[in-house]
Amino acid sequence: MNHSYHEMIIGHGKCFSTVLFPEKQEQIAAADYTADYHSAQFLSTKLALEQRGRPVAAIVLKDLSDRSAGRAG
C-alpha cells in the first residue's frame, strides 16, 4: 500500500499505520515491479506519513515466510 492509500482510505490520518517490510525483496514479474521499487515505495510511504505527522511504525522482517511472520506452519 502506498501513502495515498493510507491518507485517503484508512481514515484521513486518524489511524496508526503499520508497514511490514521484508529484508529479502523479490521481484514480481507479473506486475513488472523490481525489488528496488518495493524498497522505494516502503521508504516513501513511511516518510510521507511521518512528514504529515501521522503515527506510523515500520516492522522489518527477515522475509515474509510464515516462520518470520510468527504464523504457525
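The values are calculated or read from the model by the stated rules, or taken from the named source; none is laboratory data. Just so it is clear, the model here is predicted, and its values are computed rather than measured. A quick note on method: Cβ atoms are made from the backbone with ideal geometry, for glycine too, and the neighbour counts reach across all protein chains shown. Only protein heavy atoms, including side chains, enter the accessible area calculation; ligands, DNA and RNA are left aside. Shrake-Rupley method; radii C 1.70, N 1.55, O 1.52, S 1.80 Å.
Pull out the extension gain between K62 and A29, defined as 0.36 nm times the separation in residues minus the alpha carbon to alpha carbon distance; nm, one decimal.
On the way: separation 33, 0.36 × 33 = 11.88 nm, distance 2.13 nm.
Taking K62 through A29 to full extension adds about 9.8 nm, to one decimal.
Tally Lys/Arg at +1 and Asp/Glu at -1 over every other residue whose Cβ is under 10 Å from the Cβ of E23; what's the total?
Numbers: positive: K24, K62; negative: D63.
Combined, the nearby Lys, Arg, Asp and Glu give +1.
Which ³J(HN,Hα) values in Hz, rounded to whole numbers, follow from the phi angles of segment 27-35 under the Karplus curve 6.51 cos²θ - 1.76 cosθ + 1.60, where θ = phi - 60° and Gly and Pro get x?
Whole-Hz 3J(HN,Hα) from phi for segment 27-35: 7, 9, 4, 4, 9, 6, 9, 8, 4.
Hey, quick one: spin label on C15, modelled 7 Å out along Cα-Cβ, who in segment 32-73 has an amide N within reach, i.e. under 18 Å?
Under 18 Å, as judged by backbone N against the label point of C15, lie 42, 45-59 of segment 32-73.
Using modelled backbone amide H atoms (1.01 Å from N, in-plane), which distant-in-sequence or interchain residues come within less than 5 Å of A58's amide H?
V19
Using a 1.4 Å probe on the protein heavy atoms, what percent of the accessible area of segment 15-56 belongs to carbon and sulfur?
53 percent
Amide H neighbours of Q27 under 5 Å, at least 5 residues apart or on other chains, H built in the peptide plane: list them.
A35
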